[in-house]
1. What are the pairs, 6+ residues apart or on separate chains, where a residue within the range 1-17 that is more than 25 Å from Met40 (Cα to Cα) and among the hydrophobic types (A, V, I, L, M, F, W, C) has its Cβ under 9 Å from a residue that is modelled with pLDDT of 95 or more and exposed (fewer than 13 other Cβ atoms within 10 Å of the Cβ)?
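The values are calculated or read from the model by the stated rules, or taken from the named source; none is laboratory data. Please read all numbers here as calculations on a predicted model, not as lab measurements. All Cβ positions, even for glycine, are placed from backbone atoms using ideal geometry, and neighbour counts span all protein chains on display.
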Amino acid sequence: MSEQEMKTCLNCKRSEEVTPLLLMTFKGEATHICAQCLPMLIHKTQLLADKLPGIEIPKQSDY
């Protein structure tokens, strides 16, 4: 498999050869995230904001 085709977690960059990956889409773009980084996407989205340009970060009071 070429490097271009290698699927990796958007956060930790581990490949599908090392860890299970989940497919997700955001603003029409497909990307992957691993099960270990998924809680960060759910609970600490602000830590991934640089990897998901345009994501809205809810204020604490919005929960």
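1. Every condition considered, the pairs that remain are Met1/Glu17.
For (1) surrounded by 13 or more Cβ atoms within 10 Å (Cβ to Cβ); (2) part of a loop (DSSP other than H, G, I, E, B); (3) in contact with an Asp or Glu (Cβ under 6 Å, 6 or more places away or on another chain), each residue gets a yes or a no:
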| position | (1), (2), (3) |
| --- | --- |
| Thr19 | yes, yes, no |
| Thr25 | no, no, no |
| His32 | yes, no, no |
| Pro39 | no, no, no |
| Gln46 | no, no, no |
| Lys51 | yes, yes, no |
| Glu56 | no, yes, no |
